[in-house]
1. Could you check how much of the accessible area of the range 417-524 is carbon and sulfur, as a whole percent, using a 1.4 Å probe?
2. How much accessible area does GLU262 have with a 1.4 Å probe, in Å² rounded to the nearest 10?
3. Per residue, how much accessible surface does the range 270-348 expose to a 1.4 Å probe? Answer in Å², no decimals.
4. Under a 1.4 Å probe, what is the accessible area of the range 410-470 per residue, stated in Å²?
5. Say each of LEU336 and SER599 gets a label point 7 Å from the Cα, pointing the same way as Cα to Cβ; how far apart are those two points in nm?
6. Once the convex hull of the C-alpha atoms of the range 233-279 is built, how many Å³ does it hold per residue, rounded to a whole number?
7. Determine the per residue accessible area of the range 168-234 with all protein chains present and a 1.4 angstrom probe, expressed in square angstrom.
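The values are calculated or read from the model by the stated rules, or taken from the named source; none is laboratory data. No experiment lies behind these values; they were computed from the predicted model shown. With ideal geometry, Cβ positions are generated from the backbone for all residues, glycine too; neighbour counts draw on all protein chains shown. Only protein heavy atoms, including side chains, enter the accessible area calculation; ligands, DNA and RNA are left aside. Shrake-Rupley method; radii C 1.70, N 1.55, O 1.52, S 1.80 Å.
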Amino acid sequence: MLGSGNDMGLSIEIHSPTAVPSGARVRVSYLTYTTPAGDLFDTPIHSVVSEVTVASEDTLRVPMLIPDFGDTVKAVVVVASLVRELPTSSWSGGSSLPIAITYELIPNSVTVPCDIEYIQDAINTAGTWDVVYVAGRPLGTAYQEPISLTRGVKVVGRDVGNGFPILMASTDSVAVAFATDAISTSSIENFTILGGTSRIVDLHGSASLRNCTLDGTSTGPAIGINAASANGQEIVGCSVLLDTGTALVLGGSALVDSCSFEVATSDTINCGVLSTGTGTRTLFRSTVEAAGGDGVACVGGTTDLVGSTISNAAYGIVFSGSAGGSVDSCSVSGFLNTGISVLASGTTLQIHNNTIDIDGGLGIATVGSMSGVSITDNHLTGNASSVAGIQLGASAGSPTLSGNHIEKLYAGEGISIASGTAVLTGNYADSCNYAIHVTGGTPSIGTASSSSDNTVTGSVVGIRVVGSGTVPVIRNNQIVSNTTGLLARSNAAPDLGTGATDLGNNSFLSNSSYCIRNTSTGTGVLAYGNWFGSCAAPGCTNGNVVTIGYLCSAPAAFGLDVALVANTPAARVLSVSPNPTTAGTTVRLAVSGEVNGVSLQVFDITGRRIRVLPGLDFGEGTHSLVWDGKTDAGMPASQGIYFLRVAGSNLPVHTSKVLVIR
């Protein structure tokens, strides 16, 4: 309530993100409201308009005098707008001007209005792209009205000592608590929003939502934030809580940053984030929980999840239909069935540098022939009830699995392959029932490259191959300290080297029962040119196994004494930061010996190489490679996702995703 007994002075500062031309006039008006009992909206009882001519492109200060209205006045709305009296040719800022208003007390004569009773009246009075500030009400009481934003108006909540404002739809029949129209730049900031029987917030156009808390537990809406018809919006610093339903629906391009989405009551219809339609959207540094349903369901377009945490869902992340994109540097845990499920076909997907805790079920599972699936540098940890770390199911296509670390699936499978022509390089599987289990297809487990070795260790069976027609090609691997190194069953025909010109170059060491066992009576296992620890015919095989041409020294692929389970590289990547970045980023390396020809290549989201930094030689110590955020042509890289690839001698290839924000 405004004070009574004296006229009140009010000084208003007006700031514009676009320079206001000299000679233009700005109109400032205020409306006063009362709040008769039982009225939802009332008519302003008084208004004053003041205009000022702009003398320079700077902050405008407009003094106004608000007369005393006694106890009848409960709220004041102040609106500023540009009065265009200049020739069109002298103004290039468009037909309207966005203006932000701040209030300043004039000593001894001003009470700042801190309770705008009816937000919708302020929005209706504001000009196109104006900002309406709303103060939190005393004792956390709510504004009892649904809101509809029009003409690109921005509504910003302010904490003037009572906390940020709370908005609650006034009746149970209100379908949407807060909605925007299709005008771009509309935004809602700093609100707690309650209610809405269908949706809490509707975003259209390129409207944005910032620093808002949405709670639908009292009215049971099916959707928290509905951005299905929006494109180019930003949702930043928000949280959504529902009992059941979908916390966020995305239909176009969007950036979702530092948000949390929770659907609390277990139900198979639940979904934390539904990404549908076309466009590219990024879910960055956010958390998602969806009890009983899908954490993040991607059914169309391109969805990139970066640095996010997905937990407590039946399926953590699902790609289906024509959806593609990436999952990078995320944490996935607490799922009932599968951490990352790939059911899509016909597009590309990169799953990189994620941490996945498998408490029963599958870590990463693919069903469907996507044209390019890359599963690299992930860390998957299971337990006694876990089924598989990475499972390639029917129609698996030709995925790439590289640099993954899989462990502790004591009764399960580290990598399970049922079909396709997958290529496995540089993976490490430890303490599994079957470290690698092949039941179909012709995968390449390792390649002829001396740096491509996989390590399987500490498992009941290192590599298990089952079924007639199952012919994995197995090269340059370390199969060490398992009960059985390789087991072939049911007429499987693993290729461990076919002759003098096609050696296996695998190392079988310290496998306690058998290095290679073949339980089939008709089909022999060819194992030419492998290392069994000494220059003698191996005595650790069982069944029809041909080991002619066994090696008398360790394969060149391993360099060190192969009794060491894995290579010890001379260098490794410590960090890539800042990420995200507005300009460039730095890759920090730790070098324990000497590395040569270390290069940095930058690729855009389409796989096009945009920058190459020449190879450098490094000695022992910590070193840095710097990308300045530019292309080879010297132009700043546009906003989006880029992949930095670092490679060099005795340095494992390392790929990191970097988000550039302009």
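1. For the range 417-524, the apolar C and S fraction of the accessible surface comes to 47 percent.
2. 70 Å²
3. 26 Å²
4. I get 28 Å² per residue for the range 410-470.
5. With each label point 7 Å from Cα toward Cβ, the separation is 5.0 nm.
6. 59 Å³
7. 34 Å²
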